[in-house]
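To start, the structure itself, in structure tokens.
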Amino acid sequence: QVQLVESGGGLVQAGGSLNLSCAASGRAVSMYSMGWFRVVPGKEREFVSAITNSGANTYYADSVKGRFTISRDNAKNTVYLQMHSRKPEDTAVYYCAAPPMGPQPRVALQDYKNYNAWGQGTQVTVSS
């Protein structure tokens, strides 16, 4: 499986922008779909977004649809999450994750239980 390291988290104020990166290492990174999840205190892990291995399909939770953008650059073995419109409830620890290698159906990518590789997480704090 791949190893994942997130970066780009921090404190973002109203009117600012925040872009998260997830650097992957290992074999055949381009063959893995990737997902973003977030965790807030007292709540279960929440699906945020996912992208297929080819990048042809992207999926978003209703809570972030139209506000976040997921993308990937397989040449750099990196997946990105652009937070171009933020709300206070977006404050959380964000994790990137990878399921087993190969194509995955949409429903599988929306469930954290189907992922077996996780980054260490990066804190995102939205303050107005």
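The values are calculated or read from the model by the stated rules, or taken from the named source; none is laboratory data. Just so it is clear, the structure is predicted and the values come from calculations on it, not from any experiment. Methodologically, a virtual Cβ is constructed for each residue, glycine included, from the backbone with ideal geometry; neighbour enumeration extends over all protein chains shown. Surface areas here come from the heavy atoms of the whole protein model, side chains and all, with no ligands, DNA or RNA. Shrake-Rupley method; radii C 1.70, N 1.55, O 1.52, S 1.80 Å.
Charges only on Cβ, +1 for Lys and Arg, -1 for Asp and Glu: so what's the dipole of the chain about the Cα centre, in debye to the nearest 20?
Around 120 debye, computed over the chain.
Which percent of the accessible area of the chain is formed by carbon and sulfur heavy atoms (probe 1.4 angstrom)?
Numbers: 3130 of 6460 Å².
Roughly 48 percent, rounded to a whole number.
Label 7 Å along Cα→Cβ of Ser54; segment 88-115 residues with amide nitrogen under 20 Å?
99-110
Tell me the per residue accessible area of the chain using a 1.4 Å probe; a whole number in Å² is fine.
Normalised by residue count, the accessible surface of the chain is 50 Å².
Give me a comma-separated list of calculated 3J(HN,Hα) values for segment 100-105, in order, Karplus coefficients 6.51, -1.76, 1.60 applied at θ = phi - 60°, integers in Hz, x for any Gly or Pro.
x, 4, x, x, 9, x
Restricting attention to segment 22-54, which trypsin sites (Lys or Arg not before Pro) occupy a DSSP loop and are surrounded by at most 16 other Cβ atoms within 10 Å? Walk me through the numbers before you get to the answer.
Working: sites: Arg27, Arg38, Lys43, Arg45; in loops: Arg27, Lys43, Arg45.
In loop regions of segment 22-54 (DSSP not H, G, I, E or B), the sparsely surrounded trypsin sites (Lys or Arg not before Pro) are Arg27, Lys43.
Given 0.36 nm per residue, what is the gain on full extension from Lys76 to Leu11 after removing their alpha carbon distance, in nm?
Using 0.36 nm per residue and subtracting the Cα-Cα distance, I get 20.8 nm.
Rank Ser33, Ser7, Ala92 by how far each Cα sits towards the positive end of the charge dipole of the chain (+1 on Lys, Arg Cβ; -1 on Asp, Glu Cβ) and give me just the farthest.
Ser33
Using all C-alpha to C-alpha distances in segment 1-103, build P(r) with 10 Å bins and read off the rounded percent in each one.
15, 50, 29, 5
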